[in-house]
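Worksheet for the structure shown next.
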Amino acid sequence: MTPKDPQILLVEDNAKDVTLTLHALSEENLGNSIQVARDGEEALDFLFCRGEFAGRSFDHPPRLVLLDLKLPKVDGLEVLSAVKGDPRTQAIPIVILTSSRQESELVECYKLGVNAYIQKPVEFDAFRKTVKQLGVFWLVANEPPPLTSFRPDRTTEP
């Protein structure tokens, strides 16, 4: 992984939540390697190395995707389904970070292979603390899968 390869893909369309998340991760020195996608289509382009991200390599996946469910263009469930349904990306950990309180969405996310589902705390300090804990766990404490688990099969296209 080169210094410009992001370790976190944050998929969030709410500008305030993006700012708060970036700030919380920066407090733990985890904020310098984050790519932000403002909609589901941009997230899929990034993860599948297409469109404006065609120059990216599958050899350098993010170590974590923080994914909102309510997104423009392509919703979070569709992003989750595409990523977990493709052998090139299915090992990337995805944490749903959403304000949704719908049990059906929670169940569907786990059926699709989400690694964690977290309801965004409404209170500012609780949200910041939650994001910091996520970053520390997934980027510091957690052992990621080896890069060989991301061997691209370039014939598969979501």
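The values are calculated or read from the model by the stated rules, or taken from the named source; none is laboratory data. Note that the coordinates shown come from a computational prediction; the quantities given were computed from them, not determined experimentally. Virtual Cβ from ideal backbone geometry, glycine too; neighbours counted across all protein chains shown. SASA here: full protein model, heavy atoms, side chains in, ligands and nucleic acids out. Shrake-Rupley method; radii C 1.70, N 1.55, O 1.52, S 1.80 Å.
Consider Arg128 carefully, then state whether it is in contact with an Asp or Glu (Cβ under 9 Å, 6 or more places away or on another chain), in a loop (DSSP other than H, G, I, E, B) and either of a type in the set (Lys, Arg) or surrounded by fewer than 14 Cβ atoms within 10 Å (Cβ to Cβ) (or both).
It is false that Arg128 is in contact with an Asp or Glu (Cβ under 9 Å, 6 or more places away or on another chain), in a loop (DSSP other than H, G, I, E, B) and either of a type in the set (Lys, Arg) or surrounded by fewer than 14 Cβ atoms within 10 Å (Cβ to Cβ) (or both).
Examine segment 25-43 for a residue that is surrounded by fewer than 20 Cβ atoms within 10 Å (Cβ to Cβ), part of a loop (DSSP other than H, G, I, E, B) and touching a Phe, Trp or Tyr at 6+ places or on another chain (Cβ under 9 Å), and state whether such a residue exists.
Scanning segment 25-43 turns up no residue that is surrounded by fewer than 20 Cβ atoms within 10 Å (Cβ to Cβ), part of a loop (DSSP other than H, G, I, E, B) and touching a Phe, Trp or Tyr at 6+ places or on another chain (Cβ under 9 Å).
Just one of Ser81, Ser104, Ser100 is open to solvent by 60 Å² or more (accessible area, probe 1.4 Å) and not basic (Lys, Arg); which is it? Walk me through it before giving the result.
Working: Ser81 fails: open to solvent by 60 Å² or more (accessible area, probe 1.4 Å); Ser100 fails: open to solvent by 60 Å² or more (accessible area, probe 1.4 Å).
On inspection, the qualifying residue turns out to be Ser104.
Could you list, in sequence order, all residues of segment 27-83 that are acidic (Asp, Glu), under 18 Å from Ile118 (Cβ atoms) and either out of contact with any helix residue (DSSP H, G or I) (no Cβ under 7 Å at 6 or more places or on another chain) or modelled with pLDDT of 90 or more (or both)?
Those that are acidic (Asp, Glu), under 18 Å from Ile118 (Cβ atoms) and either out of contact with any helix residue (DSSP H, G or I) (no Cβ under 7 Å at 6 or more places or on another chain) or modelled with pLDDT of 90 or more (or both): Asp68, Asp75.
Based on this model, can you work out whether Phe46 counts as under 26 Å from Arg128 (Cβ atoms) and either assigned to a helix (DSSP H, G or I) or touching a residue at least 60 places away in the same chain (Cβ under 8 Å) (or both)?
Taking the combined requirement at face value, the residue satisfies it.
Which one of the conditions (1) modelled with pLDDT of 90 or more; (2) in contact with a Leu (Cβ under 8 Å, 6 or more places away or on another chain); (3) open to solvent by 10 Å² or more (accessible area, probe 1.4 Å); (4) not in a strand (DSSP E or B) does Tyr117 fail to meet, given that it meets all the rest?
Condition (4) is where Tyr117 drops out.
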